[in-house]
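Working notes, beginning with the structure itself.
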Amino acid sequence: QVHLVESGGGLVQSGGSLRLSCAASGSIFGIKTMGWYRQVPGKQRELVAVIISGGTTHYADFVKGRFTISRDNAKNTVDLQMSSLKPEDTAVYYCNVDTVIASSWGQGTQVTVSS
């Protein structure tokens with residue numbers, strides 16, 4: 001089983017930046033994708049960005065040009081650099097790692113963007 005620990009959330013003003021980091025440990029064999037999702041109360045969790053083994057990235061339309069996902073294979077970390085943040089980016093952000101065995105989630109980190 002993969003254990004994920006997220007860090008880097010917090011409060012930021014509109015237009016500001018934050019960097020989220022997720023460290024993976026445990027049975028991290030056969031990673032297919034590493035990504036970030038977010039969820040606000042009353043809504044479904046939604047994909048923000050994902051990086052596929054091999055390095056291909058995919059972003060939700062609402063973050064294209066503002067967020068950048070990156071992965072450090074040696075450290076088994078996946079980061080999300082968020083810039084030009086908007087109040088509507090306020091959510092709990094979750095790290096996800098899909099391996100050939102299972103899908104694992106972090107505990108979530110709160111990001112709050114004030115207007």
(message) Quick check on Gly26: is it farther than 28 Å from Gln1 by Cβ and more than 10 Å from the chain's Cα centre (by Cα)?
(response) no
(message) Step by step: first the residues of region 53-82, then only those that are in contact with a Lys or Arg (Cβ under 7 Å, 6 or more places away or on another chain) and open to solvent by 40 Å² or more (accessible area, probe 1.4 Å), then the one that is farthest from Gln39 (Cα to Cα). Which residue is that?
(response) Ser53
(request) Quick one: in region 1-36, of everything that is closer than 12 Å to Tyr93 by Cα and either touching an Asp or Glu at 6+ places or on another chain (Cβ under 6 Å) or of a type in the set (Lys, Arg) (or both), which residue is least open to solvent (accessible area, probe 1.4 Å)? (result) Cys22
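Out of Gly8, Gly15, Gly35, which single residue is of a type outside the set (Lys, Arg), on the phi > 0 side of the Ramachandran plot and under 11 Å from the mean Cα position of the chain (by Cα)? I'd like the intermediate steps shown before the answer.
Working: Gly15 fails: under 11 Å from the mean Cα position of the chain (by Cα); Gly35 fails: on the phi > 0 side of the Ramachandran plot.
The match here is Gly8.
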(message) List pairs: first residue in region 1-24 and basic (Lys, Arg), second residue modelled with pLDDT of 95 or more and loosely packed, with under 14 Cβ neighbours inside 10 Å anywhere in the structure, Cβ distance under 7 angstrom, at least six positions apart or on different chains.
(response) none
(message) If I filter region 8-32 down to residues being of a type outside the set (A, V, I, L, M, F, W, C), at pLDDT 95 or above and not in a loop (DSSP other than H, G, I, E, B), which single residue comes out as farthest from Val78 (Cα to Cα)?
(response) Gln13
(message) Restricting to region 70-87, give me the number of residues that are more than 10 Å from Cys22 (Cβ to Cβ) and touching a residue at least 24 places away in the same chain (Cβ under 8 Å).
(response) 8
(message) Looking at region 38-60 only, could you name the residues that are over 15 Å from the mean Cα position of the chain (by Cα) and within 30 Å of Pro87 (Cβ to Cβ)?
(response) Pro41, Gly42, Lys43, Gln44
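The values are calculated or read from the model by the stated rules, or taken from the named source; none is laboratory data. Keep in mind that this is a model prediction, so the values were computed, not measured. Glycine gets a Cβ as well: all are built from the backbone with ideal geometry, and neighbour counts include every protein chain shown. All accessible areas refer to the heavy atoms of the entire protein, side chains included, with ligands and DNA or RNA removed. Shrake-Rupley method; radii C 1.70, N 1.55, O 1.52, S 1.80 Å.
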